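Below is one structure, written out as structure tokens, with a few remarks after it.
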Amino acid sequence: MELKLLKHTDNTLVFEIRGEGHTFCQLLQGALLKNPAVEMAGYDIPHPQVAHPVFTLRVREGRPEEALKAAVEELRKQLEEFRVKFAESWGRSC
Amino acid sequence: MERDKLRVRFVVKGVNTEFVNALRRAMLAEVPTMAIEDVVFFENSSILHDEIIAHRLALIPLKTDLDSYLLPEECGCGSELGCNRCRVILTLSVEAGDERRTVYSGDLSPDDPEVKPVYDNIPIVVLAPGQSLKLEAYARLGKGKDHAKWQPVSVCTHKYYPSVEVYSERCDLCGKCVEICPKRVLAVEEDSLKIVNLLNCTLCEDCVRACPKNPPAIRVSPVPEAFIFNIESTGSLPVDRIVEEAAKILEKKLSEFSQKLEELG
């Protein structure tokens, strides 16, 4: 994964996530859109055979970096919770 | 949760579509397994060409030991055919005597007994009397996004958790919905319409359309933020390990992302 910054203003962040695809981008988008401070979050894969999605994020208030950090934190917590609960219901400790 | 050796069906609640879909995609395309990548032929007098046999060998699921092997790109050996940290050699040497002989996946003998074909009875080629097949195959770890032979799952799906409501005051037990349901979710028992198989419902709404009442006496809808996962392993990895690895891979991606984000400032 490589990040390339394309645009950075007070409320907007546009960057390329090189080497990733829908798996990661939609996960991030879904978490960002839950945040009421986020005005718009989305991504575009300009060419289907080149894994260089362009992610766009615009916020109503606060900084876009903060919204990203919060989304990543929330996803991490969610994934860990999922892993622990799955292991529990499987009948073993994680 | 329902499970057996290769299959699991479980319910996840309190997550959004993106989350379950990312998990599904990670299981399909990102969880590594072992598969034969290179084959060196010493002798092949069978009716099939070398490349066809190589392709058939590649599709044989192998028991994978994720903890003791590295992905070729993570291994520092730089060798084309790999070193003993990133590959397993399987040799095959079969000669048909006076009888016709079928070569099976069980005839492959690996140098690591842990990495053997999941099933011993997969036919590779039929040898006519006098023909022989001698080869050395190099199995490596890989990901499903590069080739389907590295997919650890044969089935990996999720669907909405269904909710089926019956309005008993409007229902006259005509049984039309029971008859039309392709998944046999409903049944008329004694004097009421019962839901006997809720998890099998695909939300097709055939029952709603078949109901002669207006408005219909039955309603199906998805439960928000609840999903049913259905996973079947090819046998190369235990099914719980696949789920766990997928979650770990996504966690790793997130850590990498936040680290790269810090670097950007």
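Tabulated data for the structure shown
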{"item": "Residue match in the range B:231-253 (condition: more than 30 Å from B:Ala35 (Cβ to Cβ) and among the charged types (D, E, K, R))", "result": "no"}
{"item": "Pairs with Cβ under 8 Å, 6+ apart, first in the range A:6-20 and basic (Lys, Arg), second not in a strand (DSSP E or B)", "result": "A:Arg18/A:Met1; A:Arg18/A:Ala51; A:Arg18/A:His52"}
{"item": "Residues of the range B:31-69 classified as in a helix (DSSP H, G or I), open to solvent by less than 50 Å² (accessible area, probe 1.4 Å) and out of contact with any Leu (no Cβ under 9 Å at 6 or more places or on another chain), total", "result": "1"}
{"item": "B:Val126 over 21 Å from B:Ser46 (Cα atoms), of a type in the set (Val, Ile, Thr), touching a residue at least 60 places away in the same chain (Cβ under 8 Å) and open to solvent by 20 Å² or more (accessible area, probe 1.4 Å)", "result": "no"}
{"item": "Within the range B:199-257, tally of residues that are more than 30 Å from A:Glu20 (Cβ to Cβ) and not acidic (Asp, Glu)", "result": "22"}
{"item": "Filtered residue count, the range A:1-19, keeping only those that are open to solvent by less than 20 Å² (accessible area, probe 1.4 Å) and either in contact with a helix residue (DSSP H, G or I) (Cβ under 7 Å, 6 or more places away or on another chain) or modelled with pLDDT under 90 (or both)", "result": "3"}
{"item": "Test: residue in the range B:158-169 that is part of a helix (DSSP H, G or I) and farther than 30 Å from B:Pro215 by Cα", "result": "no"}
{"item": "Restricting the range B:175-194 to residues that are farther than 15 Å from B:Pro212 by Cβ and open to solvent by 70 Å² or more (accessible area, probe 1.4 Å), the residue that is nearest to the chain's Cα centre (by Cα)", "result": "B:Lys183"}
{"item": "Qualifying residues in the range A:44-60 (those that are open to solvent by less than 60 Å² (accessible area, probe 1.4 Å) and out of contact with any strand residue (DSSP E or B) (no Cβ under 6 Å at 6 or more places or on another chain)) - the one nearest to the other protein chains (Cβ to nearest Cβ)", "result": "A:Ala51"}
{"item": "Residues satisfying the stated conditions in the range B:243-252, i.e. within 7 Å of chain A (Cβ to nearest Cβ) and touching a residue at least 60 places away in the same chain (Cβ under 8 Å)", "result": "B:Val243, B:Ala247, B:Leu250"}
{"item": "Looking only at the range B:83-97, and only at residues there that are within 11 Å of B:Tyr138 (Cα to Cα) and in a loop (DSSP other than H, G, I, E, B), the one that is least open to solvent (accessible area, probe 1.4 Å)", "result": "B:Cys86"}
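So that you can scan it fast, the table gives a plain yes or no per residue for (1) under 20 Å from A:Leu68 (Cα atoms); (2) within 8 Å of chain A (Cβ to nearest Cβ); (3) β-branched (Val, Ile, Thr):
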{"site": "B:Cys207", "(1), (2), (3)": "no, no, no"}
{"site": "B:Cys211", "(1), (2), (3)": "no, no, no"}
{"site": "B:Pro215", "(1), (2), (3)": "no, no, no"}
{"site": "B:Arg219", "(1), (2), (3)": "no, no, no"}
{"site": "B:Ile231", "(1), (2), (3)": "no, no, yes"}
{"site": "B:Gly235", "(1), (2), (3)": "no, no, no"}
{"site": "B:Arg241", "(1), (2), (3)": "no, no, no"}
{"site": "B:Leu254", "(1), (2), (3)": "yes, yes, no"}
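This table checks each residue for (1) within 22 Å of B:Phe229 (Cα to Cα); (2) among the β-branched types (Val, Ile, Thr); (3) open to solvent by 70 Å² or more (accessible area, probe 1.4 Å); (4) within 7 Å of another protein chain (Cβ to nearest Cβ).
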position	(1), (2), (3), (4)
A:Thr23	yes, yes, no, yes
A:Gly30	yes, no, no, yes
A:Val38	no, yes, no, no
A:Gly42	no, no, no, no
A:Gly62	no, no, no, no
A:Lys77	yes, no, yes, no
A:Phe86	yes, no, no, yes
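Conditions (1) touching a residue at least 12 places away in the same chain (Cβ under 8 Å); (2) open to solvent by less than 50 Å² (accessible area, probe 1.4 Å); (3) of a type outside the set (D, E, K, R), marked per residue:
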{"site": "B:Cys77", "(1), (2), (3)": "no, no, yes"}
{"site": "B:Leu81", "(1), (2), (3)": "yes, no, yes"}
{"site": "B:Glu99", "(1), (2), (3)": "yes, no, no"}
{"site": "B:Val103", "(1), (2), (3)": "yes, yes, yes"}
{"site": "B:Tyr119", "(1), (2), (3)": "yes, no, yes"}
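The values are calculated or read from the model by the stated rules, or taken from the named source; none is laboratory data. All values derive from a computational prediction rather than experimental measurement. When we count neighbours, we look across all protein chains shown, and the Cβ atoms used for this are built from the backbone with ideal geometry, even at glycine. Side chains included, ligands, DNA and RNA excluded: accessible areas come from the protein's heavy atoms. Shrake-Rupley method; radii C 1.70, N 1.55, O 1.52, S 1.80 Å.
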